[in-house]
1. Roughly what would the spin-label model give for Val138 and Leu23, points 7 Å off Cα along C-beta, in nm?
2. Do any of Lys25/Lys67; Lys92/Lys129; Lys67/Lys139; Lys89/Lys136; Lys25/Lys89 go past 27 Å between their Cα atoms, and which?
3. Going by C-beta contacts inside 10 Å, put Met35, Met64, Met103, Met70 in order with the fewest on the left.
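Please treat every number below as a calculation from the coordinates, not as lab data. Computed from a predicted structure; not experimentally measured. Backbone-built Cβ (ideal geometry, glycine too); neighbour counts: all protein chains shown.
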Amino acid sequence: MSSDSILYSPYTLPCGVTARNRLVKAAMEENMSSMGNIPGESLYSLYRYWAHGNLGMVITGNVMVDKGAMTGPGGVALEKDTDIAPFQKWAKIIKSNGALAIMQINHPGRQVFKAMKGERQFVRHIDIKDKQGRTKNVKLTVFLQIQRMESGALRLTRLFGVIQDE
């Protein structure tokens with residue numbers, strides 16, 4: 001495709017912000033958050049790759065506004081008291097080659113996996129021993145996704161656990 005194509009020409013959005021071209025990385029749900037549902041090295045690496053693809057705009061995957069209303073494990077969440085620094089780093093990476101960084105803010109409402117709420121999410125503080133034999137208290141969060149079969153029986157379809165060093 002010729003570089004003089006309209007795809008490579010700047011485009012001004014209705015809000016007045018101008019993208020350097022019309023190539024956009026669409027929103028998707030990566031489910032690659034770090035501990036605490038924040039952006040980390042996995043997302044940084046992926047978005048760094050996309051940032052250097054000469055895109056005009058990069059729209060992030062879902063960023064949930066409530067950890068109690070996630071669409072699945074591994075999602076990113078930005079709540080009132082969340083440390084903003086990982087999100088600033090994420091935006092800086094996206095913009096590192098001139099693309100606009102657009103965050104897709106989301107609350108799934110009734111689409112929340114039942115496994116992500118209530119009795120299907122278990123949180124316990126447990127003691128474990130590290131390699132040096134020292135006891136550490138960690139937070140263990142386990143998510144269960146259960147599917148109801150036509151017969152009415154329940155089937156465990158996903159088990160996901162997160163251990164956080166407190």
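1. So the two model labels end up 4.2 nm from each other.
2. Among Lys25/Lys67; Lys92/Lys129; Lys67/Lys139; Lys89/Lys136; Lys25/Lys89, the Cα-Cα distance tops 27 Å for Lys92/Lys129; Lys89/Lys136.
3. Lowest to highest Cβ neighbour count: Met35, Met103, Met64, Met70.
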